[in-house]
Amino acid sequence: MKTQTMQSFGMNKELQKKEARELFNNLETPLLKYGQGIQVLLKELDLNQVIAKVNEEERMTIEAPQGVIIRSIQELNQEELETYTSLISATENKFLALHFAILDDWKIIIIPRDMTVKGPIIITSHISKKAKAESIIVIAEVNAKAEIIERSSSTEEAYYKSQTVQIFAKENAHIMFSSIQELSPETYNFVIKRGKVEANANITWLDATLGSKYTHLRVQTHLTSLHANTENYSLYFNQGKQIFDLNTESLHKTRQTNSNMLCKGVITENARTIYQGRILIEKDSKNCKAKQKSENLLIDEHARCDAVPILEVENDEVQCSHGATIGKLNEENIFYFTARGIEENIAKQMIIAGFLEPIINKFPTEEIQEHIRKNITERITK
């Protein structure tokens with residue numbers, strides 16, 4: 001069903017949308033439940049409204065250095081469609097069925113063989129009204145290297161955004177995909193990112209989740225060949241009544257593959273975060289190395305965080321670690337600063353900024369790093 005649906009898009013866009021719409025009508029809304037007492041209830045979200053509010057006018061824009069190839073979905077042949085739309089399917093759940101039912105904005109980025117892209121590829125996505133779905137496919141050919149920066153924003157009139165990202169890193173390819181999400185606090189945000197990593201290749205995911213009313217973010221990487229590697233670094237800062245539902249997964253499909261996941265976040269006011277980090281190492285995937293850690297900082301009394309580390313290892317010949325911490329501002333650290341003449345509010349700001357800095361430093365350009373720091377500073381001082 002998945003391949004048929006994706007092929008239909010290339011051949012007949014309206015047929016693809018019709019099939020996805022039928023799936024949407026027949027599928028139940030997923031229960032966003034992650035264990036005893038851990039559940040998200042989206043009582044105000046009306047998925048049927050989304051279809052009636054589709055905005056097909058606005059498009060993502062891409063600024064790419066010379067040599068990078070940008071294609072449309074219609075330019076893919078049948079074999080390419082089967083290969084490069086294989087990681088995500090409309091049949092998986094109601095959210096994805098809705099995504100493909102309203103999808104009208106595809107961007108395909110190809111990094112040619114042996115090319116090292118000079119300078120970042122910039123993707124800009126802005127929604128000024130209604131609802132929108134967009135899909136990004138990145139194909140990194142053998143020995144290709146590139147940094148991609150994706151920035152998302154919206155106005156208060158934007159109700160719903162849905163995005164899928166699929167990255168295919170072929171042998172010895174290296175891709176860094178950075179996302180800075182600054183949607184309006186009135187926008188629902190659903191994002192599915194998946195990557196397939198071949199021999200000696202690497203995908204690095206970087207996420208700064210700052211905006212939206214509700215964010216449903218899923219990042220999953222398939223390590224399919226010897227010495228495949230992935231890194232996943234994410235930060236978040238939520239405030240008001242924002243809800244962030246975050247999930248990262250590394251799937252070790254073969255031996256001698258490596259993964260590292262680190263998430264650091266700050267929760268303030270009445271906001272809530274759920275973070276799940278999952279490592280799966282299959283039975284024959286020996287001599288793998290995998291790390292997963294989340295560090296979460298609660299600033300206010302009513303802020304809430306649920307951290308769920310998951311480790312599934314089907315053989316003993318691996319090196320794995322996982323863990324999660326949820327804490328509050330350290331009073332001793334605050335006292336250290338105030339004893340040296342620094343006001344308490346300033347001391348708290350410095351501690352929070354320093355807490356997130358290890359992730360900020362991993363973003364690829366100084367301009368982006370400074371932009372994230374400024375956003376966080378504004379939130380801290382609000």
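What follows draws every value from the coordinates through simple rules; no lab data is involved. These numbers come from a predicted model, not from an experiment. With ideal geometry, Cβ positions are generated from the backbone for all residues, glycine too; neighbour counts draw on all protein chains shown.
Tabulated data
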{"read-out": "By average C-beta atoms within 10 angstrom, highest first, the peptides 191-197, 253-259, 350-356, 227-233", "value": "191-197, 227-233, 253-259, 350-356"}
{"read-out": "Compactness index (Cα Rg / 2.2 N^0.38 Å), the range 2-328", "value": "0.97"}
{"read-out": "Column: log10 I(q)/I(0), Debye, Cα scatterers of the range 330-382, q = 0.14 Å⁻¹", "value": "-0.41"}
{"read-out": "FRET efficiency, Tyr336 to Leu32 (Cβ-Cβ, R0 30 Å, nearest 0.05)", "value": "0.15"}
{"read-out": "Inter-part distance where the range 122-150 and the range 236-293 are each reduced to a Cα centre, Å", "value": "22 Å"}
{"read-out": "Beta bridges per DSSP with both ends in the range 2-328, % antiparallel, nearest 5", "value": "5 percent"}
{"read-out": "For the chain, calculated [θ]222 nm from helices alone, where every DSSP H run of n ≥ 4 adds -39500 (n - 2.57)", "value": "-7000 deg cm²/dmol"}
{"read-out": "Inter-label distance for Lys328 and Lys118, nm, one decimal - labels placed 7 Å from Cα along Cα-to-Cβ", "value": "5.4 nm"}
{"read-out": "Cβ-derived FRET efficiency at R0 51 Å, Asp284 paired with Asp46, nearest 0.05", "value": "0.65"}
{"read-out": "Magnitude of the charge dipole, the range 285-350, Cβ model with Lys/Arg +1 and Asp/Glu -1, debye to 20", "value": "240 debye"}
{"read-out": "Cα centre as origin, Lys/Arg/Asp/Glu Cβ charges: the chain dipole, Debye", "value": "200 debye"}
{"read-out": "Label-point separation, Asn315 to Thr381 (7 Å along Cα→Cβ), nm", "value": "5.4 nm"}
{"read-out": "Convex hull of the range 196-281 built on C-alpha atoms - directionally averaged projected area, nm²", "value": "4.9 nm²"}
{"read-out": "Positive-end residue of Thr124, Tyr159, Gln276, charge dipole of the chain with Cβ unit charges", "value": "Gln276"}
{"read-out": "Taking the chain and dividing mean pair separation by its residue count, relative contact order in percent (alpha carbons under 8 Å, at least six apart)", "value": "9 percent"}
{"read-out": "Size of charge dipole - the range 125-245 - debye, nearest 20, with Cβ of Lys, Arg +1 and Asp, Glu -1, no other charges", "value": "280 debye"}
